[in-house]
Each structure stands twice: as structure tokens, then as C-alpha cells.
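Heads up: the structure comes next, in C-alpha cells.
The values are calculated or read from the model by the stated rules, or taken from the named source; none is laboratory data. Just so we're clear, the structure is a prediction, and the values are computed from it rather than from any experiment. Note that we place each Cβ from the backbone using ideal geometry, even for glycine, and neighbour counts take in every protein chain shown.
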């Protein structure tokens, strides 16, 4: 009886060992499979990063400063903003308004229920490079030349020669001076 | 007997047969065994290999993510992080006619068919040119930069001779912009000319090249400076132009341009070497930096420095005092003004009308030792302080200045310095009197060098008033951008040559600072040999060409640099205004 029990126990141990070994093997195989997946993903990341770098550089090249300056000057006729186009602050902005006349109708006020997570009529502007929303001040930074008063006249069709002749680089309030 | 014999023969024969059969069977079994053994061995090896692959971690040795993404050469950016030079691994399309092993037919299809297939992938490709290149059978590039997905499509054409080697490409996205600051990378991968050469070790060091190196320049300001200078240069038909914008409090260079430029993406031999014809025409190669390497006599722009030295030394105390404006005679030389300004001029009028005679008298009264000391303090006797390798040595008058030399240096002749020297000197003159070396590295808050004091703070504030007055009433009127409180001085110096000065070739400079009530930036614009054209009203002097360039430039760069135009603000000049009675 003792012998039979001991034999059964031996078989049991062997079985347990075999199961453990199988499980260990299976687990190791699984771990390495995941590792190789990670490696594949890494390789893909590297390829994508490189492609991103290449495309980003191409974007920068096509939108280079000289190109933009030429577009702004020749195509759109933009000029640097003048002193009177700047405002000191809210106070100066408010001073531009005129007081309401006594007989003017009351301003129309529209009720609106607040909507949670409302992004407004337009979603945020997204950077073409990073894909992240661009903050308001970023947009201002990116535009070195702003619209000038001369915008309306340029809406009228003009020939390229006329547009090129708009500004003489040396023009300005030319004063009669001598050295 | 016979039968027995026969029978014996048969039985013997049977026995032999069965023996043979047995042998053959054994052979066959042995062979099967061998085959089975070999199969078993192969299976065992395969199982072991699978086990090894499954269990071992070290099978596929791939480079780590960081190593793979580490750029082959560090990136250069402007002060806001905009990339100005970057290296990336790219594919190129290389034609190798030997790849197929048949020298007569390097391609499977006809060259024209291949060119047309390439055209589908690269719409910008010229089919005729490409077909000609393929038919010629010479190895060469068909495309320099190819996207990975396009590279796959090229592989799908199935031509062995179309190779796609991986190349490290140094690319300057802004093209020729800031070429003199950036420099370029030669075929050995070494930086040349600009910051590529200066930062070569840092850009190639694997430990630090992952972080981009930020330069002090602002890409937008640099673009505006080059744009305005380039247009001014074309309008006046000038030989070259130079410009620099300097932060007066830190010495950081916001923009630095020398025209004509070269394209660092495509450096040609004539960009680097001066040919015999260029030497005869007096031209320099485009890689030559006019701002830091070329020295010029910068003429009247030195007059404010002389006046500042005289105010500092105490020889000018009374601004109402007038100086004799008649011709100065020293030995057989005489110093004259270009036109009659007045019999007697005070200091303000001297600067506003740019009088040589009265400036010479002010310098004479100051004395050569004091003027020389000031010039040394402003760094005029040594190469300019900047990181760039190309730095020109000034033509310095030496130890003992005779009386005449002292007078000529007073109005910017007999001393030749680079435009950068002038920019640093003007920065010291308007920032409260402290001279600081110019730098192309971006400085953080509080990192500005201490500098050395050249002028008293009171002298500096006086000079701000005087410079502003030149721009309001004098030769700098054309640079007075409304609302930006510009102050500055013109200078038109004749170029030396042929044993004297050539009256026909000028160097016209405008040195300015803005806003004058709290100076932030110095702007220098210089034109080399401008001609009188319709655009410049047939004038060649700085008031007509260099000053309008600055006048157009400042409204473009001011808002970017944080200076808002304001017509309600200005520096107080009410105490000096009565001195120029007839001017208002």
C-alpha cells in the first residue's frame, strides 16, 4: 500500500513538474512573442519618425520666409502695421465706441443655454506639423506682417507688373537732405 | 544425377537469391534508417532553433529606439526653435548601370518606359531628361530626396539598376537665408564657414547632438532684413549689402546678413574661391561675410562716437557753444565740408548736418589720446567679438596718432572696421554706456555678459537725444519710421583706391537704434558702391539709400521684437531743441 502510494506520488510529482515546465515554456514563448511585437512597433516608430522629419522639413522648405514675404508683398500687398493700428488696452478700445443715442433702440440680446464642452462654431486651428491645437498667441506670432488699410484696393484685379510696382524699396517720406 | 544436379543447382540458386534479397532489404532498411536519422536530426535542429528563438531574448539585436532616432548631426534652430539646419536619413534614387551585369542592356525595359513609370511616381520628373540619362549608361543620381513610400514604389518597378541608397542629408529649409551665419557641411561631414564650423564638435557628439543648438537670431527678423537689404541693393544697383540687428542690452545678434548670399544646400566652387575676373571687378566670393570680415571706413557714422567721447571727457559741456565751421588746414591737408552749412555750428547742428570741419575741431579739442582710448574701449583695435570664424582685423592707426589722424578718425576716416564693430559701439553708446561682445548664442535671462563701461550713463542719455534729433531734423529723416522713435546717423565714405579716395564709389551706411526713449535694438544697414538710380532719386549718399532701408525695415521687425509703435511717446529733446532754431 505504502509502495503504491509512493509510486502514485512520484507520478503526481512528475506530472506537476511536466505541467510547470510546459507552462513555463508557453509563458516564455509568449513573452518573447510580445517582445518581438514591441521591436516591430519600434521599427515602425523609427520609420514614421523619419518620414515625419522629412515631411516637416519639406513643409518648412516650401513655406520658407522668403516665399512668404514675397506672397505677402506681391500677392496680397500687405504692409507692416502702423502705429495707429495698435490699441493700448481695453480702455482705448472702449473709447473708440460712441455712446448710444437717447432714441436708439435697445440692443438685441439673445439668450443661450451653456453647452458643456462647446468648442464654438469653429474647432481650434490645428498645426499642420504637430497636429495639436494652436493657441491664439501662436497664430499672432506666426504672422509677421498684418493686414494693412490697403487691403481693399488690392481686392480689385491688378496685373503682376502693377503689383510688383506697388512699393519702391527706397520710398518713404523722402526728405531733402544733404551730407 | 542430372536432376539432382539440377535440383542442387536450383536450390543453390534459390539460396543465393534469398541471400541477395536479404542483403538488399538490409541495405534498403539501412538507407531508410539513414534518411530517417537525417530527418530526425534536421527536425531536432529545427526544434532546438525554435526553442532557442522562443526562449532567448538576444536573437534579434536591434538598435535601441534612442540610438535609431538620434540625428546623424545635431539640429541648428533660431531663438524660437524654428529649424535652420537639420540632418535626416533620406533615400536617393541612384542609377547603377552595372547592377544587372549586362553592360549593353542595363535595363530590362526600354529607358523611355522606365522614365514614364518614374514620372508616375515623381510628377516633377522630366521624362525626356530621365530617359536620356538612363540611355547614356552612366551612373548618377536621378533624384536626390525620395520619400520612403515612393522608394517602395520605385522598387516595385523591378529594375535592378535603380538603386535607393540611404544617405544622410544636411538640409537648410530656409534656403540661402542666414547662409553666412549657418555655413555648410562639406563632403567629409565637417562644418564650414559659419556656426556649422564653430559648433562642429557639439553637433557631432552623440551625447549632446539630440538637443538642437539654439542660435540668437530670429528667423522672421532675419528674413525681413535680407528682404529689405536685397531690394535696396537691387534698387541702387549696389555691389553688395550688409546688415546687422543687435540687442543693445545682451549683445545677442537678432539678424545678420551679407548680400549677395550663397545657398548652403548647393555650394559651388565660385561661392568659395575668388576667380581672376572677380578680382579684377573688385568682387568677393559670396561666402565672404561683409559684416564680420570686410573692413570699411564707415565715415560719418563715427561722428556720434567722437561727440560721445568728448561729452564723456568733459570737453563738451556747453551745448550752446559753437565751433568754427571753416575749412581746417593741417600741414598741406585740408578738411572741408561737402557743402556750406554755416559759419559756426554747435554740437547738435554738427551732427544733424554731418559737418566734417566742426567734428574735426571737436576731436582736436578732445585730444588724440582720449579718442584713441575710447576707440580701444569700443573694441575697434581688434577683431570683432563674435563666434564666427571669419573675422576681419580692423585697419587701426597704431600707437601714436598725429593731429591730422586724430581729426580724420573723428569723422570716420583713416580707420577701417567691420559693420559689426560699429553695431557693438552704437549699442554701448545708447544702452547706458556698457560695451558687450556680440554673440550668436541664445542667452537666457540673466546670462548677458557683464561688459565694460565705456561711457557714463549721462553721456549715453545725451547721445540718445542727439541721435533722435538727427533722425527728426537731419540726414536720418528717411529712416524715421513713424511711432518707432528711431535715432541714427548716416555715413557715406568714399572707398580708397588708386592712391587716394575714389569719388565715384561710396560705402553708404546707416547706423540706427530704436526706440530711442528706451533703446532695445541697434540696426546697421550698409550698401557697397550704390549707384544713383531713379529709385534713390539719383543720389548715392546714405540719406537716400541706406536710411530708407532702415525706415522700411524697422516697422516690419519692431512688432516681432516686441517694440510697439506709439506716436504718443518719444524721448524728451526739449532742452536741445532751441539750439537748432532755424530747423523746425
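Does the range B:171-184 contain any residue that is assigned to a strand (DSSP E or B) and within 14 Å of chain A (Cβ to nearest Cβ)? For the range B:171-184, residues assigned to a strand (DSSP E or B) and within 14 Å of chain A (Cβ to nearest Cβ): present. Screening residue B:201 with (1) away from every other protein chain (no Cβ under 14 Å); (2) in a helix (DSSP H, G or I); (3) touching a residue at least 12 places away in the same chain (Cβ under 8 Å) gives one miss only, at (3). In the set (1) at the interface with another protein chain (Cβ under 8 Å from one of its Cβ atoms); (2) in contact with a helix residue (DSSP H, G or I) (Cβ under 8 Å, 6 or more places away or on another chain); (3) farther than 20 Å from residue B:69 by Cβ, the condition left unmet by residue A:42 is number (3). Residues satisfying the criterion are present in the range B:279-294 (criterion: part of a helix (DSSP H, G or I) and not assigned by TED's automatic domain parsing to the domain that holds residue B:367). Only one of the listed residues (A:77, A:97) is outside any helix (DSSP H, G or I), exposed (fewer than 10 other Cβ atoms within 10 Å of the Cβ) and out of contact with any strand residue (DSSP E or B) (no Cβ under 9 Å at 6 or more places or on another chain). That residue is A:97.
Yes or no: residue B:282 over 13 Å from the mean Cα position of the chain (by Cα), surrounded by 24 or more Cβ atoms within 10 Å (Cβ to Cβ) and on the phi > 0 side of the Ramachandran plot?
Answer is no for this residue.
Only one of the numbered conditions (1) part of a loop (DSSP other than H, G, I, E, B); (2) more than 26 Å from residue B:68 (Cβ to Cβ); (3) more than 14 Å from chain A (Cβ to nearest Cβ) is not met by residue B:142, and that is (1). If you filter the range B:206-220 down to residues that are in contact (Cβ under 8 Å) with a residue 24 or more places away in the chain and away from chain A (no Cβ under 14 Å), you find that the one that is surrounded by the most Cβ atoms within 10 Å (Cβ to Cβ) is B:215.
In the range B:456-499, of all residues being within 27 Å of residue B:282 (Cβ to Cβ) and more than 14 Å from chain A (Cβ to nearest Cβ), the one that is nearest to the chain's Cα centre (by Cα) corresponds to B:495. Out of the residues in the range B:330-347 that are in contact (Cβ under 8 Å) with a residue 60 or more places away in the chain and farther than 24 Å from residue B:540 by Cα, state the one that is surrounded by the most Cβ atoms within 10 Å (Cβ to Cβ). Checking each candidate, the answer is B:347.
Per the listing B:144, B:166, the residue uniquely in contact (Cβ under 8 Å) with a residue 60 or more places away in the chain and touching a strand residue (DSSP E or B) at 6+ places or on another chain (Cβ under 7 Å) is B:166. Among residues that are touching a strand residue (DSSP E or B) at 6+ places or on another chain (Cβ under 6 Å) and facing chain A (nearest Cβ under 10 Å), residue B:536 is not included.
If you take the residues of the range B:432-446 that are in contact (Cβ under 8 Å) with a residue 24 or more places away in the chain and in a loop (DSSP other than H, G, I, E, B), which of them is surrounded by the fewest Cβ atoms within 10 Å (Cβ to Cβ)?
So the residue we want is B:437.
Residues of the range B:261-279 that are within 22 Å of residue B:236 (Cβ to Cβ) and buried (at least 18 other Cβ atoms within 10 Å of the Cβ): B:261, B:262.
One line per residue, one yes/no per condition, for (1) surrounded by fewer than 20 Cβ atoms within 10 Å (Cβ to Cβ); (2) modelled with pLDDT of 85 or more:
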position	(1), (2)
B:480	no, yes
B:483	no, yes
B:487	no, yes
B:497	yes, no
B:500	yes, no
B:513	no, yes
B:516	no, yes
B:540	no, no
B:554	no, yes
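When residue B:168 is tested against (1) more than 10 Å from every other protein chain (Cβ to nearest Cβ); (2) in contact with a helix residue (DSSP H, G or I) (Cβ under 9 Å, 6 or more places away or on another chain), exactly one condition is not met: (2).
Set side by side, the residues B:327, B:322, B:350 differ, and just one is within 16 Å of residue B:489 (Cβ to Cβ) and either in contact with a strand residue (DSSP E or B) (Cβ under 8 Å, 6 or more places away or on another chain) or without any contact (Cβ under 8 Å) to a residue 40 or more places away in the chain (or both), which is B:350.
This table checks each residue for (1) touching a helix residue (DSSP H, G or I) at 6+ places or on another chain (Cβ under 9 Å); (2) at pLDDT below 90; (3) outside the structural domain of residue B:334 (by TED's automatic domain parsing); (4) buried (at least 20 other Cβ atoms within 10 Å of the Cβ).
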{"position": "B:381", "(1), (2), (3), (4)": "yes, no, no, no"}
{"position": "B:387", "(1), (2), (3), (4)": "yes, no, no, yes"}
{"position": "B:391", "(1), (2), (3), (4)": "yes, no, no, no"}
{"position": "B:406", "(1), (2), (3), (4)": "yes, no, no, yes"}
{"position": "B:410", "(1), (2), (3), (4)": "yes, no, no, yes"}
{"position": "B:416", "(1), (2), (3), (4)": "no, no, no, yes"}
{"position": "B:420", "(1), (2), (3), (4)": "no, no, no, yes"}
